[in-house]
Structures are given as C-alpha cells and as structure tokens.
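Read through the structure below, which is laid out as structure tokens, and then see the notes.
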Amino acid sequence: MISANNIYIKYGDRVLLDKINLIIGEKDKVGLVGRNGSGKSTIMKVIAGDINPDSGEVNIPGGKTIGYLHQDMDLPKGKTVMEEALTAFDEVKELEQKLVKLNEEVANRTDYESDSYSKLLIDLSESGERFHLLGGESMEADAEKVLKGLGFKSSDMSRLTDEFSGGWQMRIELTKMLLKHPDYLLLDEPTNHLDIESIIWLEKFLKNYTGAVVTISHDKQFLDNVTSRTVELEWGKLFDYKASYSDFVNLRIERREIQAAAYKNQQKVIAEKERTITRFMAKATKTKMAQSMKKQLDKIDRIEIDSADNRAMVLKFPPAPRSGLVAVEAKGVHKNYGKLEILKDINLKLDRGDRIAFVGQNGQGKTTLARMLVNDLAASSGDIILGHNIEIGYYAQNQTEALDSKMTLLETMENAAPAEMRTKVRSILGAFMFSGEDAEKKVSVLSGGEKARMAMACLLLRPFNLLVLDEPTNHLDINSKEILKNALQDYDGTMIVVSHDRDFLAGLTNKTLEFRDKQLHTYLGDINFYLKKRAMDNMREVEMATKAKALEAQKADKPELDYETKKRLQRAVQNAERKIERLEEQIAEWDIKMATTEFYEQPDSQKQIEQYQQLKNDLDKAMEDWETAQSELE
C-alpha cells in the first residue's frame, strides 16, 4: 500500500494541505473530491512524486508502479495513433528480448544441479509471468481494443497524433496508461474530454481493474460507478469515507449532525461544571475541590466542529423575453470543413420552450451545429432561420478563453454589460463568489473553475430567450454544477445543452438529439431515456446479427419455400411493418403529451399511463412477429 504521512503544503499565507494522512490499498477504488482549489491535484502530484511537500513523506512499496494521468500533457509528434499507443509496451518489448536470451541460455546449459541454473530458471519463470501479465502475446490487439473503447475508429489508427485535438491526445495518453497496467492508477479528471459512450466504457474498465485507482472527478455518476471509497479535501483537512460518492454525501451530513450534537452536549456539561467551580471557589471550605474540578475540566478533550465550506454562487437566469412559436429552424443544412463532411442535410425545428440535449461522440458535429444555430459559424449550404424576437445567450465550449486575461474582473463585467446593468455588476460578481477586492483581480490569475464562473456571470448581463450551452460544466465542481442545473430547471426560455455529463443532463431536458453518421437521431426523453433506448437498440442489433448467422448456417439444410408459404410470409411481414409504423406514431404522440406536467395532473393519468404501456407491449410483440416472419422468409 501507499502511505502519505503528515503532508503539509503552504502557498503564501494559505495552508493548502495541513498535515494530512492518506493510505491507499492495493485494490482500493478511491474518489478524491472537494471544491476547486481544495488541493486534490496537489496531493495527487505529491503521491506521483511530481512535487515535494513542505513537510511529510510518501512511502511506496518497492517494485510497485504508478501511472499518473494529469491535465497538462505533451505527446511527441511524428507517430501514428497505434505507434504511440504501443509505446506503452516498451517494458514488454524489453522482456521479449530478455526471454529470447534466457531461453537460448537454458537450451545451451548442462549444469542442471548448479545454483546459477536454478536462478536462471526462476528468472525465466518470473520474466514470463510478467510478460504475460503485461499482455505480451496480444499487444496490438489490446491497444486497438482500448483505443476503440475510448472512441477511436479503425481508420484513425494510422493517422498521426499531430492531427488530433488536445482532447483526443488526452485519450491516447489515457490509452497508454491503461495498457501499462500500473499497480496504482492516478487519474485527474479523466472524463473531461470523453463523450458518454467512452465514459461508460472507461467505467467498466476501471471497475474491473485489478490494481488501485484514485480518481479526481466532478462527474457524480462516474464516481458512483467506479469508486467505493471517497476522500474529501476541505479547508486543508482530509475526511475519509468507506463509501461511494452518493453514500458519502449522506454520511457527511450525518457526521456533521452527530458532531454538532456532541459539541452542544459537551458545551452544556462544561458550562455546568464551570458554574459549580465558580460557586465552590467562593467558599473557603470548597476551594480545594474547585481546583481539582478545574484540573479535570482542563483535561477534557474538547470537541471541535469541522468548518464546512458553504460558499456557493447564486445563479438565477433573467426571465426570457416573449418570442414567436418557433425559436430557430434549420433546413437542409450541410457543413464541410474542406473535404471533410461533418453534417449532411440537417433539418431541425425548435419550438418555444423546447429543452434539447445534444449528445454523441466527439467530432460528430454537436458544437458545429450549436455554433451555426447562434450564427457563430456559417453553414456550407442550407438555411438557418431565427424566430420572431429571438435573443440568444451563448456559452461556448471555450468561453473562458474568450476572457481578456489583462483585464480585471470588474473591467470585464463593465465592458460586457449594457448601460442599464453597469450599476449591478459588483452585486453580480458577489453572487458568483467574487466579493470585495476580488473584483480588482486580473483574469489571468483565476483558476479554471473561477474563469468558468466568471464567464457564466457575463452571460447574465442581458436577457435572452434562446440559451445555448456548450459543455457548461467543464471546470465546475460538483456543488457549482448542481447550482447551475437548478437554475436551468427554473429557466423559462428555449434551451440547447451540449454535454457529456449524465447526472447533469438527467431530468434537465425533454428531448435528446444524438449526432451519428452526419445525421440527427431524435429521442423524446431525457438522457436516461436515450441511454436505455440505445442499449435496447444495440441489444436488438446483436440479436438480429446472431439470428442471421444461425439462419445462414441452417440455410443449406432447408428446402426452398413453396409459392403459397412465401406469399403468406410476405403478407405477414407487410402487416407487421404497417402495425409497427402505426404503433410508433401513437407512442410518439403519447410521448409529447406525457412530457407536460398537465398530463400527470389529470384524474385518469394512471389509466392513460397503463394504456401507453400497453401500446409499448404491442409494439414489442409486433417487432417479434416481424422478425419471425422475416427470418422464415429469408
């Protein structure tokens, strides 16, 4: 196990880590949580050996390996994706050469009874085991499996790493880390540049990882699915819970309530004893007893209440101005970057009040379409039409980079504010946790999370009725994300959110658009509905492929269908297809009705829900009938 003992780090007047102790077992799955700036990345760097603490030490067992994925990386240039991934196997390649030499030596030796021959056999056995553990027999296959799990396509394997953005280069670095299979895997925000499918794949990989995993993440669902222990950093102190993140939240509340009750009771006892001592000190006959009681009181181990970091930004979007029935419409939109086609013949209409999530793998055009809808990027062809009286609020994926680092926070807000809002900029800054002298800070000294809050504050300076947010939770801690989500749930305008954060999206939108193969695929529900439906579709594809293979194998043994049987099966397929089409239309209509709160306020809503469920059961039956008839016909 790794032990970090009495780690103390101070920056200027601020104590970041105040003599904290942390032990990481060989198979621990630890979530490292806390507000931005609480010291999470710092303690990880200390464990990895990247920085030295002011005092304290880290003990790592001999022979144990550490893999550390951090935010700042620099991949070497000139290699293909596969070549760079295979550098993870440098040790394996050395072992391979060593094994060749050892086997040659064993074949040429005849001193079977000597100590040196025994040592040679032990070295051969241990090297062979290590070679096998590191995946020596299947290096390229393993590399391709991990790369594809993290979103790369077969065609990407031969492309140079130079061609990929920083987010995709981070995936290559993560691939190398996973392939090396270190004993202790330290991951600092590994989901930041991953899409939902890649996050789900990574969750499964880490859950089954045989070594220890320590991860910093602001993704609650990722933490719940990967970790079974939560370590919180707050005000320089460390609090360790043997629980996943969601359970930790409840346990933290319980701990503070118990601590507060114990403190209150102890204060009551102390006050009572102090009154008795004061009373006894006034009597000469009881002075000795009073002094004895005071000594006992001084020895009491005083309970201290852990100070909670309750700072939070106050976020409320301005009321949306009234707009026309249609907020924005895209007709026959195409988008190319040179010869690369991103979106093809896109048709999309957003009605007033729609709440849409854009999801899909990175590079499928989510940000591209969002930028075109807000007139930040021109379409290659087709039309984008804004509705009547539409005012746009846009938070770009790189919104923090648009801030002028030379300006102060106050200057930034004043430059962005219309005349009537300039008297309110200080109060808005205060609501976003920039109070007093903070307003005179330069943007350049802000952390990533502070810049995100600053960019969000600028967004509130003008009213809007079409809000487009592209990855708004990047750099926000869990508490800030929850505040943003609550504010968005109260927002009364039309909204598009591009995000890969499942917990943030859950219940936030009523329609999900998946970007896949240059097209949009619509799901009438939130992210959880989409993921469930996609999983069912994937399962159905697998089942159909399996059935097709089985039918192909049996085809040679089956006689040709006679004319009447073929006609009967063709009619059954056509009838099933018509029934499926009719049921899907009915279910889509129900989905629209059920997306409103008014539906559930009707006295017979439960009965209608049962009718809706029956339609879905009928659809499943019709699909089975179609598959059976189609399979027999084929």
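The values are calculated or read from the model by the stated rules, or taken from the named source; none is laboratory data. Here the structure is a predicted model, which is why all the values come from computation and not from measurement. Virtual Cβ from ideal backbone geometry, glycine too; neighbours counted across all protein chains shown. SASA here: full protein model, heavy atoms, side chains in, ligands and nucleic acids out. Shrake-Rupley method; radii C 1.70, N 1.55, O 1.52, S 1.80 Å.
Could you please give the count of residues in the range 376-391 that are of a type in the set (V, I, T), surrounded by 15 or more Cβ atoms within 10 Å (Cβ to Cβ) and assigned to a strand (DSSP E or B)?
1
Based on this model, can you work out whether V33 counts as under 24 Å from the mean Cα position of the chain (by Cα), at pLDDT 90 or above, surrounded by 15 or more Cβ atoms within 10 Å (Cβ to Cβ) and farther than 21 Å from M139 by Cα?
So V33 passes the test.
Restricting to the range 335-373, give me the number of residues that are of a type outside the set (G, A, S), outside any strand (DSSP E or B) and modelled with pLDDT of 90 or more.
9
Which residues, taken from the range 483-507, are within 19 Å of I199 (Cβ to Cβ), out of contact with any Leu (no Cβ under 6 Å at 6 or more places or on another chain) and not basic (K, R)?
Scanning the range 483-507 gives V498, H500, D501, D503, F504, L505, A506, G507.
Within the range 247-257, is even one residue open to solvent by less than 40 Å² (accessible area, probe 1.4 Å), touching a residue at least 40 places away in the same chain (Cβ under 8 Å), part of a loop (DSSP other than H, G, I, E, B) and under 21 Å from S217 (Cα atoms)?
no
Take the range 1-40 and flag every residue that is in contact with an Asp or Glu (Cβ under 7 Å, 6 or more places away or on another chain) and under 30 Å from M433 (Cα atoms).
Scanning the range 1-40 gives Y8, I9, K10, V33, G34, R35, N36, S38.
With respect to the numbered conditions (1) buried (at least 19 other Cβ atoms within 10 Å of the Cβ); (2) under 25 Å from P319 (Cβ atoms), which one is the sole condition not fulfilled by A487?
Among (1) buried (at least 19 other Cβ atoms within 10 Å of the Cβ); (2) under 25 Å from P319 (Cβ atoms), A487 violates only (1).
Within the range 35-75, can you find the residues that are within 17 Å of M177 (Cα to Cα), of a type outside the set (S, T, N, Q), touching a residue at least 60 places away in the same chain (Cβ under 8 Å) and not in a strand (DSSP E or B)?
M44, I47, A48, K64, H70, M73, L75 - these are the residues of the range 35-75 that are within 17 Å of M177 (Cα to Cα), of a type outside the set (S, T, N, Q), touching a residue at least 60 places away in the same chain (Cβ under 8 Å) and not in a strand (DSSP E or B).
Go through the range 435-478 residue by residue and tally those that are of a type in the set (V, I, T) and touching a residue at least 60 places away in the same chain (Cβ under 8 Å).
So the count comes out to 3.
Please verify whether E83 is open to solvent by 60 Å² or more (accessible area, probe 1.4 Å) and modelled with pLDDT under 85, treating the condition exactly as stated.
Numbers: open to solvent by 60 Å² or more (accessible area, probe 1.4 Å): yes; modelled with pLDDT under 85: no.
Criteria not met by E83.
Does K77 satisfy the criteria of being in contact with a helix residue (DSSP H, G or I) (Cβ under 9 Å, 6 or more places away or on another chain) and basic (K, R)?
When the stated conditions are applied, K77 passes them.
What about A417, is it of a type outside the set (S, T, N, Q) and surrounded by 12 or more Cβ atoms within 10 Å (Cβ to Cβ)?
So A417 passes the test.
Which count do you get for residues in the range 392-409 that are polar (S, T, N, Q), more than 30 Å from R534 (Cα to Cα) and open to solvent by 40 Å² or more (accessible area, probe 1.4 Å)?
Residues flagged as polar (S, T, N, Q), more than 30 Å from R534 (Cα to Cα) and open to solvent by 40 Å² or more (accessible area, probe 1.4 Å) within the range 392-409 amount to 2.
State which residue is nearest to D219 (Cα to Cα) when the search covers only the range 1-30 and only residues that are among the charged types (D, E, K, R) and open to solvent by 40 Å² or more (accessible area, probe 1.4 Å).
So the first thing to find is which residues in the range 1-30 are among the charged types (D, E, K, R), and the list is 10, 13-14, 18-19, 26-29.
Remaining after also requiring open to solvent by 40 Å² or more (accessible area, probe 1.4 Å): 10, 13-14, 18-19, 26-28.
Values: K10: 28, D13: 31, R14: 28, D18: 26, K19: 28, E26: 24, K27: 22, D28: 19 Å.
Going through the qualifying residues, I end up with D28.
Considering only residues that are farther than 15 Å from S405 by Cβ and under 23 Å from the mean Cα position of the chain (by Cα), which ones fall in the range 446-460?
G449, R453, M456, listed by residue number.
Which of the residues that make up the range 123-141 are closer than 15 Å to K98 by Cα and either at pLDDT 80 or above or not charged (D, E, K, R) (or both)?
Across the range 123-141, the qualifying residues are D123, L124, S125, E126, S127, G128, E129, F131, H132, L134, G136.
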